[in-house]
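Asks: Take this structure, written in structure tokens, and hold onto it; I'll ask about it next.
The values are calculated or read from the model by the stated rules, or taken from the named source; none is laboratory data. Please read all numbers here as calculations on a predicted model, not as lab measurements. Every residue, glycine among them, receives a Cβ derived from its backbone with ideal geometry; neighbour counts consider all protein chains shown.
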Amino acid sequence: MNKQLYPQQINSPQNFGQPPPVSSPQQNYQSVPPMGAPSELVGNMKPNMLPPSVGSHPPQQVFHPPGNVPPSNLTSPPVSKTVTNNENMPFSNQIPHSQTVQKAPQMQLYGNNAHLNQFNGPPQSQMQSPPPSNMPAERGNINSFPPTDQAQQFRKPQQISQPPNNQFLPPQPQHSQQMPLHPPQSGMHYPHPPLGQNQHHQSNQFQKPPQLPGQNHYDASHLSNQMHNMTLGNQKPNSFEPNPGINGSYNMPPPPLPGQQMYNGQQIGPYPSQPIMSPGQMVPGHVQKEGPMQMQGPPPYGGPVPPGGMGHYPQPAYQQQQQQQQSKRLDPDQMPSPIQVMQDDQKNRSGVFCTNQKGLVPPLVTTKFVVQDQGNASPRFIRSTMYNVPISQDLIKQTSVPFALIISPLANQEGQEFPLPIVNFGELGPVRCIRCKAYMCPFMQFIDGGRRFQCLFCKATTDVPTEYFQHLDHTGQRMDRYERPELILGSYEFVATKDYCRNNQPPQAPAIIFIIDVSYNSIKSGLVHLICSQMKNIIKNLPVDQGQEKSNMKVGFITYNKTVHFYNIGTSSATPQMMIVGDVNDMFVPLLNGFFSTLEESEAAIDALMQQIPKMFADTKETETILLPAITAGLEALKASERVGKLLVFHSSLPTAEAPGKLKNRDDRKVLGTDKEKSVLQPQSQAYNQLGQDCVMSGCSVDLFVFNNSYIDLATIGQVSRLTGGEIYKYTYFQSEIDGDRFIIDLIRNISRPIAFDCMMRVRSSTGVRPVEFYGHFFMSNTTDMELASIDCDKAVGVEIKHDDKLAEEEGVYIQVALLYTSCSGQRRLRILNLSLNTCSQMADLYRSCELDTLINYYSKQMCYKLLENSPKAVKDAIVSRSAQILATYRKNCASPSSAGQLILPECMKLLPLYVNCLLKSDAISGGSDMTVDDKSYQIYAVMTMDVPRSVTYFYPRLIPLHEIEITDNSEVEIPSPIRCSIEKMTDQGLYILENGIYMFLWIGLALDPELCQQIFGVPSAMQINIDKSHLPNLDNPLSVAVNSVINQVRNQRHKCMRLTLVRQKEKLEPVFKHFLVEDRGSDGSLSYVDFLCHMHKEIRSILS
């Protein structure tokens, strides 16, 4: 460890005051986007939106007799693979490319009364040939399903807490909860209907039919006589009481072999000696009250459920013919709903969240809550995938749940939360453990009358400095603990001494350099004129440090095309001076004084310069540009002035001019989604990686604003931003009159948000565990320290922690994150975040305290990282196998005994199958040839920096019914409650916003109410709306004002301004819109939520068997 960053010398404390108390389609797609389409969506529009057949084989039309279903189409058929760890579990039941696999009879549950249904396929009239190639695949009639969300209610444990009134008062004891023997499980509970209430319920019980010698299946003719008598009885929780005569399972007939047919559930042709697929198992009459979700029979492997797909009630033959015409399917409303989970958490856990308990699981990020810091850091700063850590690595391996942290050290706080206190010990500096260098925190225990303290991280004992000594009370606590934030709070800051500074010198105020591309493309698009005209307003928004009235940051300006131009804006010059560096191979700074200044000091010179730049380059014909030398120029300028800071680079085209960093065009979107994908996602040159390392060593961060009309190789040039902790913004086909407003909003937010410069972050953990894997935008020169030239409130990093020894169950796990940084005023500080977690020896305790949103965020970062080294299929197979292993281990070790036909999910992970399917569908993971290479790189960069709130919306977009908006006179308009992300929840009469933090659509139903249409759009019908515009008209009526207010609120909740894209029902942009309806089957063949849930159930049963 660098001594200057982590000194051991200790020198006079100052008392810290006590703060105040807390207050409580039918058209071909072209390569050029239609007007009104966001430029970023161009890649998502492909000539043929039909789902391809499996593999590379041509589509085949297969006849399926009644009783069968069409084979499922998976994007990539699973391939069995041998692995050496628990992360990858082999898929079972392989489906060869050339073989038509037909599903076995299904048993499904829907409605309030559960019946066992034999699966019957759609009638022949529904088996049609694929539509013509110019027709996008239809998802079905929007009006087929009710618009309201009828999601199943799931039971959530309640937390009883009494928040104290003062942040520094002793923590109030909370009532401990008596946890059940088994952790809560999600599921459906069905009432037992009285006998005779339903014509399909009879009094006789299920009997196991006799098995013929040599047969491994039953004759399906017995099925209809037995299954229509089945009911679900009311069983006691955690009980397993099979009906008389049942041995715990019921074997369903296997699917027919190729060449066989089925009619009314009976096989026609020779019976096979072995079934192709494992027979479905089901215990009739038994439903676990704890929460199994009934998934009976062999679940479908994938593919859309055809109309009428899920068969009919088994009935006598004279009734079956009528029922064949009435088709039903597995009801998505009975599946776990993320909307319901969020609403329940908001209802049960909103308000004040006190952090005085070790291992207390925080509310969801979507819940509105106020953090009262009482010893553990706010969950806005740090979240863990688990709050009960297994005592051994063996338990982690068995469950496959990763122990990981998502850390966002500068996250924004809510208005009622106190800003972090800044503790200044003067020359003494922060008090630290003598062995592990952990900083003083509430986890330290004072002994020997207060003369020494024991570190809970490494167990070492350290002498207390004389200046820091204080007597202990009768409980062994320091008398002054409530006067010292570091002894009572989980999050706080120390003022660092000069030993923590570069060259042992206090830093100067950071600077921001605007590096502007003035080549032909930038001039023609209006970019240069826009930046210069808004520059004065932009600079006024520089960040102001805590406790100060104005910003101390300085600014400088560089322009470039084939050469680099510096500008002198010092007060000594009446007009700005321009100096050109023509030798881009050996970049240097031609001036020292006058390059950096502030708006107050050089307002006139900056105004003059901003007027001159567009004029000087108005007639330029330079189409070739450089990039690396321009970034190097900004780096050298910061180094020459001995400052740290950030470069804002505005770039428009692939750097093809003869200079360092020249790149070639290697655009090949056809390889996306294939094993060759990593060849275009990795940098083609190491020059930008080396430049990024040079920048981070000097505290220089780089944010790239890209305005490309063609391939620009973000995979390569983006490495500078990745390694320096920067960010990438992308505006494809930029036009200042259309995209100018959102670009300026993004730019102002970029420079005004809370930010830290020249950072080093280390994660310390108590004995027995240690951080081993790190994901995000930073550079690591060793195995422990993340070096970031800057980090802001919108960035997060992922850290995986593994065991290196067995833990003691009674002690717990302690985490301390230390961020050493320079503030925007030039003060060197340490931000300390502390977190304490419980330990457990039982799997049930682990599954009870997992945090799913954090887990998915970590998975996404890990998958993006692995995409650069492995094939997409291997990455996706690994995450599916690992998720199945998590749920299978729970089923085997934690759930009470039940039928193998039941899918049982732990309460805190009941949305895991949905979110994993969303991961697999996301553009960052699965984007194929329907998007550009730059688009995919951009998405990967975005996911790598996402904090948990952003990733929740990115992977499960928010669908808001605008037509349900409530207009009130008194307060701000509230955003309507979102609905499930499925076309089945939408109606022709509706108006919906769909947003994921990057894209925002406004979907307009063709049957939109004329009065509503007139008030919002100013036209009487949906067909007259101009969908080419990217904004709504501001009309003089309450509804128009309310709708525009909701759109602005949604934009303000995201850290980038999303362009509004209007989509009219059944028109050319609707397939792009439907791509983000993640619960539905994708046009590329990706599975729907229901199909993937069935697939996961099949994987779980394969593991258990």
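Asks: Checking the condition in contact with a helix residue (DSSP H, G or I) (Cβ under 6 Å, 6 or more places away or on another chain) and β-branched (Val, Ile, Thr), which residue from ILE513, ILE523, ILE531 passes?
Replies: Criteria check complete, one pass: ILE513.
Asks: In the stretch 1087-1105, what count of residues is obtained for those that are of a type in the set (S, T, N, Q) and buried (at least 22 other Cβ atoms within 10 Å of the Cβ)?
Replies: Number of matching residues: 1.
Asks: Can you tell me which of GLU966, GLU1011, GLU972 is out of contact with any Phe, Trp or Tyr (no Cβ under 9 Å at 6 or more places or on another chain) and not in a loop (DSSP other than H, G, I, E, B)?
Replies: Residue meeting the stated conditions: GLU1011.
Asks: Right, another one. Is it the case, given these coordinates, that ARG764 is assigned to a strand (DSSP E or B) and touching an Asp or Glu at 6+ places or on another chain (Cβ under 6 Å)?
Replies: no
Asks: Could you say which residue among ALA789, ALA818, ALA756 is touching a Cys at 6+ places or on another chain (Cβ under 7 Å) and part of a strand (DSSP E or B)?
Replies: One residue alone meets the criteria, ALA789.
Asks: Any residue in the stretch 762-771 that is closer than 30 Å to CYS455 by Cβ and surrounded by fewer than 18 Cβ atoms within 10 Å (Cβ to Cβ)?
Replies: Taking every residue of the stretch 762-771 in turn, at least one turns out to be closer than 30 Å to CYS455 by Cβ and surrounded by fewer than 18 Cβ atoms within 10 Å (Cβ to Cβ).
Table: residues versus (1) of a type in the set (D, E, K, R); (2) within 19 Å of GLY645 (Cβ to Cβ).
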{"site": "SER551", "(1), (2)": "no, yes"}
{"site": "PRO576", "(1), (2)": "no, no"}
{"site": "GLY582", "(1), (2)": "no, no"}
{"site": "ASP586", "(1), (2)": "yes, no"}
{"site": "PHE596", "(1), (2)": "no, yes"}
{"site": "LYS615", "(1), (2)": "yes, no"}
{"site": "PRO629", "(1), (2)": "no, yes"}
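Asks: Then there is this: So, restricting to strands (runs of 3 or more DSSP E) that lie completely within the stretch 446-537, which ones have at least 2 residues that are within 35 Å of the chain's Cα centre (by Cα)?
Replies: Those strands (runs of 3 or more DSSP E) span 491-495, 511-517.
Asks: Working only within the stretch 662-679, note down all residues that are in contact with a helix residue (DSSP H, G or I) (Cβ under 7 Å, 6 or more places away or on another chain), modelled with pLDDT of 90 or more, under 18 Å from MET863 (Cα atoms) and in a loop (DSSP other than H, G, I, E, B).
Replies: Those that are in contact with a helix residue (DSSP H, G or I) (Cβ under 7 Å, 6 or more places away or on another chain), modelled with pLDDT of 90 or more, under 18 Å from MET863 (Cα atoms) and in a loop (DSSP other than H, G, I, E, B): LEU672, GLU677.
Asks: Does at least one position in the stretch 566-579 carry a residue that is assigned to a strand (DSSP E or B), buried (at least 21 other Cβ atoms within 10 Å of the Cβ), on the phi < 0 side of the Ramachandran plot and of a type in the set (A, V, I, L, M)?
Replies: For the stretch 566-579, residues assigned to a strand (DSSP E or B), buried (at least 21 other Cβ atoms within 10 Å of the Cβ), on the phi < 0 side of the Ramachandran plot and of a type in the set (A, V, I, L, M): absent.
Asks: To continue, here is another question. Restricting attention to the stretch 911-933, does a residue exist that is more than 30 Å from SER1045 (Cβ to Cβ), over 20 Å from the mean Cα position of the chain (by Cα) and assigned to a helix (DSSP H, G or I)?
Replies: Looking for residues that are more than 30 Å from SER1045 (Cβ to Cβ), over 20 Å from the mean Cα position of the chain (by Cα) and assigned to a helix (DSSP H, G or I), one finds at least one in the stretch 911-933, hence yes.
Asks: Among the residues in the stretch 916-925, are any modelled with pLDDT under 95, among the β-branched types (Val, Ile, Thr) and farther than 30 Å from GLU414 by Cβ?
Replies: Yes, the stretch 916-925 contains at least one residue that is modelled with pLDDT under 95, among the β-branched types (Val, Ile, Thr) and farther than 30 Å from GLU414 by Cβ.
Asks: Can you pull out the residues in the stretch 720-734 that are within 19 Å of ASP794 (Cα to Cα) and either touching a strand residue (DSSP E or B) at 6+ places or on another chain (Cβ under 8 Å) or not basic (Lys, Arg) (or both)?
Replies: Matches in the stretch 720-734: VAL720, SER721, LEU723, THR724, GLY725, GLY726, GLU727, ILE728, TYR729, LYS730.
Asks: Can you tell me how many residues in the stretch 957-971 are among the acidic types (Asp, Glu) and either within 21 Å of CYS1013 (Cα to Cα) or touching a helix residue (DSSP H, G or I) at 6+ places or on another chain (Cβ under 7 Å) (or both)?
Replies: The number of residues fulfilling the criteria is 2.
Asks: Consider PHE1073 against the criteria (1) at pLDDT 95 or above; (2) in a loop (DSSP other than H, G, I, E, B): it satisfies all of them except one. Which criterion is unmet?
Replies: Here PHE1073 clears every test but (2).
Asks: Sticking with this one: Report yes if MET610 is aliphatic (A, V, I, L, M), under 25 Å from LEU542 (Cβ atoms) and at pLDDT 90 or above, otherwise no.
Replies: Here the answer is yes, as MET610 does meet what is asked.
Asks: I need a count of the residues in the stretch 721-751 that are surrounded by 22 or more Cβ atoms within 10 Å (Cβ to Cβ) and of a type in the set (Ser, Thr, Tyr).
Replies: 4
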